[in-house]
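Chemist: This is the structure I want to talk about, given as structure tokens.
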Amino acid sequence: LWLSGFGSLVLWIGAVVFLAFFVNLCTSKSVSSFRPDMAIMRSMGIPVRVIRIGIYVRMFLSLIPAFLAVGLLGILIATVPLFNALFRFLYAPTYILIFGGLIIMILIITKRQIAKLFGESVKKSIRGGDAA
């Protein structure tokens, strides 16, 4: 019994790590496409704090479809007998754990992406980074 529990734990940790790497890859492309706009905003005198808050808001807005999808699927699984037989019912604490994990993951990944964005001077960002 403990062996199957250990296997489930390893599988769960692997899935979380994979999801974190996948989200990090997707967000790095999204945030790097924002780099020229951010350099222009910095050169116009917009405070760095405002730009950072804007990036966090942008990343949290991307969570809205995920939250809606999980909520709708949870309701669908709980109310449709066919899906209820196929999938295991999750209680509210499990959903809170899922949502909390997503929020924590987005906070950590966005913090790293912001550190990469602001690691470069405004002049270098406007010219195109290392390629210029």
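The values are calculated or read from the model by the stated rules, or taken from the named source; none is laboratory data. These numbers were taken from a predicted model, which means no experiment stands behind them. Ideal geometry is used to build each Cβ from the backbone, glycine not excepted, and the neighbour counts take in all protein chains shown. The area values use the complete protein model at the heavy-atom level, side chains included, leaving out ligands, DNA and RNA. Shrake-Rupley method; radii C 1.70, N 1.55, O 1.52, S 1.80 Å.
Chemist: Show PHE118, PHE6 ordered by accessible area, largest first, where the area counts protein heavy atoms only and the probe is 1.4 Å. Mind dumping the intermediate values first?
Modeler: Values: PHE118 35, PHE6 115 Å².
The residues order as PHE6, PHE118, largest area first.
Chemist: Heavy atoms of the protein only, probe of 1.4 Å, neighbouring chains included. What is the accessible area of PHE83 in Å², nearest 10?
Modeler: 70 Å²
Chemist: Something else now. On C-alpha positions alone, give me the angle between the axis of helix 2-33 and the longest principal axis of the chain, in degrees, nearest 10.
Modeler: Roughly 30 degrees between the two axes.
Chemist: If you place +1 on the Cβ of every Lys and Arg, -1 on the Cβ of every Asp and Glu, and leave all else neutral, what size is the dipole of the chain about its Cα centre, to the nearest 20 Debye? Walk me through the intermediate numbers first.
Modeler: Details: 13 positive and 3 negative charges, 115 e Å.
The dipole of the chain has a size of about 560 debye.
Chemist: Ignoring ligands, DNA and RNA, please state the percent of accessible area on the chain from carbon and sulfur, probe 1.4 Å. It would help to have the intermediate numbers written out before the result.
Modeler: On the way: 7160 of 9550 Å².
Reported share for carbon and sulfur atoms: 75 percent.
Chemist: A follow-up question, please. Would you mind checking segment 49-69 for residues with the amide N under 12 Å from a putative spin-label position 7 Å along Cα→C-beta of ALA92?
Modeler: none
Chemist: Could you tell me the accessible area of LEU25 in Å² (1.4 Å probe, neighbours in place), rounded to the nearest ten?
Modeler: 100 Å²
Chemist: Now, a different point. Could you work out how far helix 92-117 tilts from the main Cα principal axis of the chain, as a 0 to 90 degree angle to the nearest 10?
Modeler: 20 degrees
Chemist: Could I ask something else about it? Rounded to the nearest 10 degrees, what's the angle between the helix 63-79 long axis and the longest principal axis of the chain, both from Cα atoms, 0 to 90?
Modeler: With rounding to tens, the tilt is 10 degrees.
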